[in-house]
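Step one of this worksheet: look at the structure below.
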């Protein structure tokens, strides 16, 4: 790798610039409504991949972290009228703490046991919010959006740019983890936890760290959701589809590289939006299920793996190296 | 506020419910407990069985008979699922964990959405003589449907326990669970035995599905609730223990029923998952673990 990082940071700056440019030029608000969701899934899939892809711990509980983040934001907004930035920070903290707890669980649980435990987190946390009157209980609560902050003229455009910023931040964090010693340690854990421990990798510390960062990012992604919908309600906030989208996005894109979840999440959730609008919501879930099964069976390395294979094959057909 | 009679009724209902939970979990107890297949699609297969029962019941079949008739077909289905899983994941070995889990997760989604597309999201139920009637026992009324489920659950557990301890194939399945390489050294083919066992687990799931629709109306999304319940029972039981499955089912049934009575229905779904988290955190080998 020559000049490590420079192309990445240029790409990141271009992505944010593009988001700002779109917000400045396009007048059609529905575009931002639609584009906000794939960006959310980029954050979720990237966050999922830090634990699931690098360390090999499957987290089905994305919805728990996402929902806890969303509700943390709602509680702060309702009680103090806290600004969005504060809400996001608080949501990241709460979900990070939940991730810390889940990380401690990895001390005893692996594989399917860990996965099932994370499903348990969704249901338990959802039940708490269903029974908490202050945030609307099972019926939910309407939220009145405040005015957008200075350069923005519409709230939804602001959320869009914000989510783009968060997506780039999440990817930068994931990339840092992947390329640093932390990522090497996590991959060692994925390949053989015993061997890693025996060679002096601080496995528990790394797992807890990965869980915490992953959880915090998922929580941060959930924080603006109540404002996006102007409404919050437990059933849709803790919807299993968030877990599915995060997992499927990463698996379909490819889990070995930070770019995988980004490609996977963007393609998958754009496809989902198209299918939802043109066919139906049920077929949309079916598409995810079928793609997930096809990819884990036929292309375990994801889209990135397929691309690498293609690139490797190309020179042998006579193209000069 | 607190009444002893009410508690007694909750416990009695909990016992019936617990046996039902044991019966719906026993297929998973074989598939996951004995064979180590991360079968998160088990509840989805069960709901699929419930819908097949519903179809047959529309032609005037008794749901239990329908469930029994479905068993051979589900046996074949199970063998096919395992074969596919083996070829695609177990054989390749490396990293089968993450992908195998994702595969069954995807399978569950496909079944669920398939049911939605085929039947819609409305609740479906079946009719039979024993559904809707109840048995009066002093002040208490015990719904007949729970008693039917109770009877089937006991019969199913007894049959499987006998099968695993008395028959040659049953013992072979337990042997695979205990030490697969040793079996290979003896010249037996563990894959064929596991395939057979997975078939049995899935056949049992067909009957569980029939019971599911006897006990209450079903909807395609019902499998999500039962992921928690079935895994809680299997993990609590200690993997692969048949009698442990009944005991764990009873623990879950009684605790759920008491929580239902004391705190109301909105807290009940968290019971199974809470129990599961506690067991996983404190004693992952389960109460009756091997």
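The values are calculated or read from the model by the stated rules, or taken from the named source; none is laboratory data. Since this is a predicted model, take the numbers as computed values, not measurements. Please note: Cβ atoms are built from the backbone with ideal geometry, for glycine as well, and neighbour counts cover all protein chains shown.
Which of (1) modelled with pLDDT of 85 or more; (2) more than 17 Å from the chain's Cα centre (by Cα); (3) away from every other protein chain (no Cβ under 12 Å) does residue A:222 not meet, given it meets every other one?
Going through the list (1) modelled with pLDDT of 85 or more; (2) more than 17 Å from the chain's Cα centre (by Cα); (3) away from every other protein chain (no Cβ under 12 Å), residue A:222 breaks only (2).
Identify all residues within segment A:130-153 that are out of contact with any helix residue (DSSP H, G or I) (no Cβ under 7 Å at 6 or more places or on another chain), part of a loop (DSSP other than H, G, I, E, B) and surrounded by fewer than 18 Cβ atoms within 10 Å (Cβ to Cβ); write none if there are none.
Listed by number, the residues that qualify are A:132, A:139, A:144, A:146, A:147, A:150, A:151, A:153.
Got a sec? Which helices (runs of 4 or more DSSP H) wholly within segment A:154-257 have at least 1 residues that are touching a residue at least 12 places away in the same chain (Cβ under 8 Å) and within 22 Å of residue A:16 (Cβ to Cβ)?
Correct list: A:155-179, A:203-222, A:225-229, A:240-253.
Just to be sure, is residue A:156 at pLDDT 85 or above and within 19 Å of residue B:276 (Cβ to Cβ)?
Answer is no for this residue.
Quick one: count up the residues across segment B:230-270 that are free of Cβ contacts under 8 Å to residues at least 24 places away in the same chain, facing chain A (nearest Cβ under 9 Å) and surrounded by 19 or more Cβ atoms within 10 Å (Cβ to Cβ).
Selection size over segment B:230-270: 1.
Does residue B:112 fit the bill of being under 17 Å from the mean Cα position of the chain (by Cα) and within 14 Å of another protein chain (Cβ to nearest Cβ)?
yes
Regarding residue A:43, is this residue touching a strand residue (DSSP E or B) at 6+ places or on another chain (Cβ under 7 Å) and more than 14 Å from chain B (Cβ to nearest Cβ)?
no
Within the group B:227, B:214, which residue is in a helix (DSSP H, G or I), in contact (Cβ under 8 Å) with a residue 60 or more places away in the chain and either under 26 Å from residue A:60 (Cβ atoms) or within 14 Å of chain A (Cβ to nearest Cβ) (or both)?
Within the list B:227, B:214, the selection yields B:227.
Among (1) modelled with pLDDT of 90 or more; (2) not in a helix (DSSP H, G or I), where does residue A:74 come up short?
Residue A:74 satisfies every listed condition except (2).
Looking at (1) part of a helix (DSSP H, G or I); (2) within 8 Å of another protein chain (Cβ to nearest Cβ), can you tell me which one residue A:108 breaks?
The one condition residue A:108 does not meet is (1).
For segment B:116-123, does any single residue satisfy the condition of being part of a helix (DSSP H, G or I), facing chain A (nearest Cβ under 10 Å) and touching a residue at least 12 places away in the same chain (Cβ under 8 Å)?
Among the residues of segment B:116-123, at least one is part of a helix (DSSP H, G or I), facing chain A (nearest Cβ under 10 Å) and touching a residue at least 12 places away in the same chain (Cβ under 8 Å), which makes the answer yes.
If you go through segment A:14-33 one residue at a time, do you hit one that is outside any helix (DSSP H, G or I), closer than 30 Å to residue B:224 by Cα and touching a helix residue (DSSP H, G or I) at 6+ places or on another chain (Cβ under 9 Å)?
no
Suppose the filter is touching a residue at least 40 places away in the same chain (Cβ under 8 Å), over 19 Å from the mean Cα position of the chain (by Cα), surrounded by 15 or more Cβ atoms within 10 Å (Cβ to Cβ) and closer than 30 Å to residue A:248 by Cα; does residue B:51 pass it?
So residue B:51 fails the test.
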